[in-house]
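Below is one structure; the comments refer to it alone.
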Amino acid sequence: MIELELIAAFATVLLQQSAPAIPPTAGAAIAVGLAAFGAGYAERGIGAAAVGAVAEDDDMFGRGLILTVLPETLVILALVTIFVV
Amino acid sequence: MSIGTPSEQSSNYEYVTARVRSRKAKLYDEDDYRKLTRMGTGEIARFMEESEYETEMNDLGARYSGVDLVEYALNRSRAKHFSDLLRWADGRLYSYVARYLRRFDTWNAKTVLRGIYSGADREAIETDLVRAGEFDEQFVSRLLDAGSVEAVVDLLDGTVLGAGLAEAYEEYEQHDRLVPLENAIDRAYYENLMKGLPADPSRPTALYIEFLRAEIDFRNLRNALRLARSGADVDPSEYYIEDGDLFSAADLDRLVGNTDELLTRVRESRYGDRLSAALDDLETADSLMRFERALDAALLEYAEYLSRSYPLSVCPVFSYVLMKEREVRNVRAIARGREAGLGAEEIEDDLVVL
């Protein structure tokens with residue numbers, strides 16, 4: 001909810017001013033940061049489950065590791081914005 | 001134990017369900033049971049040693065043999081797995097699991113009562129206990145040392161299982177029957193099961209309550225059928241457990257006298273679909289034992305369904321608890337059956353719940 005309010009505030013600021021309140025590079029930085037936050041949140045659950053699975057069966061280590069870092073792709077994709085800007 | 005006041009700590013569903021699922025995958029499957037039904041007791045013990053029960057078998061192998069070895073290994077492994085559950089779980093999940101595992105306290109209390117009533121010695125009773133509940137070592141050994149039914153009742157009086165025990169004890173003294181005491185313990189357990197749950201449950205909690213309700217309903221149904229079948233002159237409300245969906249106490253009173261109506265009621269309830277095969281069986285073959293097994297199977301299936309639909313909730317944990325229980329019961333039934341010289345077919349048909 002807080003993010004939504006922030007975005008709304010940004011939007012009104014943007015509409016009122018002629019110069020952008022957030023320069024494009026800063027916008028891209030925010031995008032990457034939010035993506036990293038999302039990835040971290042996703043990894044929290046997966047990591048917990050992976051550790052549980054590894055505790056039961058050592059062979060699950062590789063698979064658990066891969067599944068745990070899968071959400072990192074979010075950040076990698078978000079990095080594209082840096083180059084687009 | 002923080003039963004009744006769920007801790008504010010957050011629950012670790014991901015971790016616990018991952019471990020539980022892994023353990024569930026290691027339980028014996030249908031093929032294993034088929035193999036087991038064709039083995040002698042020695043072979044069963046060896047089979048178990050080569051699978052999940054290795055530690056238990058190695059620990060106990062020197063002291064026991066045959067069916068006893070199988071049975072003690074099963075009990076010990078069950079206690080180990082269930083106390084593991086309590087060790088892993090945090091927050092609300094812990095309190096839900098602990099609540100449910102208190103059933104082993106009722107089992108232990110009843111076992112001690114029965115043992116003392118029948119004059120079994122301490123060691124024999126002790127080996128039948130399952131140490132997976134809330135009672136600690138010290139309390140259990142005090143129960144074992146109690147020596148008389150009255151002393152056990154006194155000890156239990158201070159615990160959550162104590163409600164209603166005093167009245168039941170009077171009845172026990174009059175008729176010299178353990179049944180009232182056992183019922184009082186069961187009822188105290190089920191009443192505590194539903195007590196102190198949040199008033200406006202979130203979805204997982206609602207599911208948990210639904211699950212418990214299914215158990216209570218099935219228990220009521222089983223009691224009703226047994227009473228109807230045995231034709232015993234017992235007041236059905238004596239066995240009635242509240243908080244179920246299926247029957248009220250008055251319903252039960254009426255329906256015990258009328259099996260057809262009872263079955264119709266079940267058929268029309270929300271369990272009807274799942275139980276229809278079992279109900280047909282009961283009407284035609286007239287076999288209560290099979291119906292009870294079908295009830296068990298239906299409860300397992302329902303638990304399995306819930307655990308798949310809501311992977312991050314208490315449901316997978318309960319499903320595991322039920323399946324482990326089933327495994328213990330099945331393997332024990334097979335071992336005992338083989339020892340008694342029953343044929344593989346007979347065991348498979350009548351004892352094993354798949």
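Remarks
- Compared with the dominant principal axis of the Cα atoms in chain A, helix A:60-69 is inclined by about 0°.
- All Cα pairs of the protein assembly as shown, percent lying beyond 41 Å: 28 percent
- Cross-link partners of residue B:195 among aspartates and glutamates (Cα-Cα below 15 Å; sequence separation of 8 or more within a chain): B:186, B:210, B:242, B:243
- Ordering B:284, B:127 from the fewest to the most neighbouring beta carbons within 10 Å gives B:284, B:127.
- Sorted ascending by nearby beta carbons within 10 Å, beginning with the fewest, A:61, B:291 become A:61, B:291.
- Normalising the average separation of contacting C-alpha pairs (under 8 angstrom, six or more residues apart) by the number of residues puts the relative contact order of chain A at 35 percent.
- Near residue B:131, once Lys and Arg are set to +1 and Asp and Glu to -1 for all other residues with Cβ below 12 Å from its Cβ, the sum equals -3.
- Note on region B:1-80 and region B:82-97: Cα centroid distance 18 Å, given to the nearest whole angstrom.
- Relative to the dominant Cα principal axis of chain A, helix A:72-84 is inclined by about 30°.
- In region B:171-223, Rg over Rh equals 1.15, where Rg is the alpha-carbon radius of gyration and Rh the Kirkwood radius from pairwise Cα distances.
- Cα pair count fraction exceeding 19 Å, expressed as % - region B:205-354: 58 percent
- Multiplying the residue separation of residue B:51 and residue B:191 by 0.36 nm and subtracting their alpha-carbon distance yields 46.6 nm.
- Our compactness index for region A:24-84, the C-alpha radius of gyration over the empirical 2.2 N^0.38 Å, is 1.38.
- Region B:110-155-region B:248-288 distance, computed between alpha-carbon centres (Å): 36 Å
- Computed over region B:102-196, the P(r) tail beyond 16 angstrom holds 50 percent of alpha carbon pairs.
- Under 20 Å from residue B:35, Cα to Cα: lysines that are on another chain or at least 8 residues apart: B:24, B:26, B:324
- Here the sum of -39500 (n - 2.57) over DSSP H runs of 4 or more residues, divided by the residues of the protein assembly as shown, equals -24000 deg cm²/dmol at 222 nm, to the nearest 500.
Each reported figure results from applying straightforward, stated rules to the coordinates on display, with no laboratory input. Keep in mind it's a predicted model, so treat the numbers as computed, not measured. Counting neighbours? That spans all protein chains shown, and the Cβs are built from the backbone with ideal geometry, glycine included.
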